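The values are calculated or read from the model by the stated rules, or taken from the named source; none is laboratory data. Nothing here was measured: the structure is a model prediction, and the numbers come from that model. Neighbour counts are summed over all protein chains in view; Cβ atoms, including those assigned to glycine, are modelled from backbone coordinates with ideal geometry. Keep in mind that these areas ignore ligands, DNA and RNA; they rest on the heavy atoms of the full protein, side chains included. Shrake-Rupley method; radii C 1.70, N 1.55, O 1.52, S 1.80 Å.
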Amino acid sequence: MGTKTAAILFTACLLLSACTATKPESAATSKQQDSVASDSSNSAKDQSSVSSPKSSSKQAGSDDHNSAGKTNAQNDKTSESNETGAATSATTNNKMYHLNKAYNVIPNQQGTEKKVVLLTFDDGPKEAAMINKIIDVLDKHKAKAVFFVNGYRVKEHPELLKLIHDRGQPIGNHSWDHIVLKNKSEPEVKKQIESVQKVVKDITGQAPVFFRPPHGAGGDVGRMVAKENGLLYMTWSVGSLDWTMKKNQPNKTEALLKNVTEQLHPGSNILMHELPWTAEALDSLLTRLEQKGYQFVDPQSIEVPASK
């Protein structure tokens with residue numbers, strides 16, 4: 001009996017020793033698994049923090065901006081898309097306004113100033129003296145305006161385009177030849193728009209981000225080509241009617257002021273031209289707008305489509 005008992009005790013000790021020897025490896029494996037789980041959890045938190053600004057950012061009311069919002073939501077599915085979406089969101093968050101379907105300037109968030117106007121000048125660049133006079137008035141009122149230029153004029157006087165750019169005013173695309181685009185073929189519309197993009201970038205180093213079709217008639221093809229080139233398509237919501245005035249017409253300044261103020265409303269997108277009487281009336285117009293409590297929106301604060 002003594003020998004059998006000793007054998008049993010010896011066997012039990014061997015088994016106990018074997019079990020004890022496996023515990024450290026098992027514990028180490030468990031710690032590694034916990035570490036992996038923790039990393040996965042932190043990774044998920046990191047992705048959540050990247051997605052959060054995007055989901056909280058407010059999209060503008062137009063169909064295009066709603067579509068952009070849906071695209072951002074889909075991009076949350078991968079970390080690579082999260083990074084792209086976060087960059088897009090950061091750009092969007094820096095923009096305070098968008099244009100609605102009536103081409104009025106609309107705040108992106110509550111609390112942003114609503115009583116603003118967008119100033120624009122079409123059909124240039126024409127003359128250095130007139131451009132300087134207009135920009136002198138803009139500077140006096142701490143205002144910016146989009147100068148929508150025609151390619152054929154830029155080709156004739158590239159120094160005038162550079163003058164506008166060097167004086168800190170945004171440049172917009174008004175097509176090459178100032179023709180009605182809505183009935184033109186896609187290749188012709190692309191040439192009219194993209195040739196202006198190229199010449200402006202070659203001269204100033206920056207391609208336009210705003211597009212206004214001549215005569216306010218771009219058609220579906222014009223909209224499509226503008227969007228493909230990262231351009232915000234717009235016409236206007238308040239016309240100064242300066243283009244209908246004649247050189248010898250009396251009281252042009254008062255007529256221009258009346259035309260604008262009778263249509264004036266928060267978010268007005270005001271169409272003017274590089275014309276002598278408009279340059280002459282501009283100081284009075286901007287003073288009148290300020291007296292009515294309006295501010296001049298910086299075009300750079302308006303959302304534009306993402307470039308492809």
Open item on the list: So Lys142 passes all but one of these: (1) on the phi > 0 side of the Ramachandran plot; (2) crowded, with 20+ Cβ neighbours inside 10 Å; (3) of a type in the set (D, E, K, R). Which condition number does it fail?
Closed with: (2)
Open item on the list: Return the pair list, or none, for Cβ contacts closer than 6 Å from residues in region 151-173 that are under 14 Å from Ser195 (Cβ atoms) and of a type outside the set (A, V, I, L, M, F, W, C) to residues that are open to solvent by less than 40 Å² (accessible area, probe 1.4 Å) and part of a helix (DSSP H, G or I), at least 6 apart or on different chains.
Closed with: Gly151/Ser195; Gly151/Val196; Gly151/Val199; Asn173/Val196
Task: Out of Lys184, Lys198, sole residue that is charged (D, E, K, R), open to solvent by 60 Å² or more (accessible area, probe 1.4 Å), under 25 Å from Glu156 (Cα atoms) and in a helix (DSSP H, G or I) - done: Lys198
Task: Within region 265-308, tally of residues that are closer than 21 Å to Asp123 by Cα, assigned to a helix (DSSP H, G or I) and either of a type outside the set (S, T, N, Q) or touching a Leu at 6+ places or on another chain (Cβ under 9 Å) (or both) - done: 11
TODO: Could you name every one of the helices (runs of 4 or more DSSP H) located completely within region 118-171 that has at least 2 residues being β-branched (Val, Ile, Thr)?
DONE: 128-140
- [ ] Count, please, the residues in region 107-122 that happen to be surrounded by 19 or more Cβ atoms within 10 Å (Cβ to Cβ) and touching a Pro at 6+ places or on another chain (Cβ under 9 Å).
- [x] 6
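So which of Val209, Val221, Val225 is without any contact (Cβ under 8 Å) to a residue 60 or more places away in the chain, open to solvent by 30 Å² or more (accessible area, probe 1.4 Å) and β-branched (Val, Ile, Thr)?
After applying the criteria, what remains is Val221.
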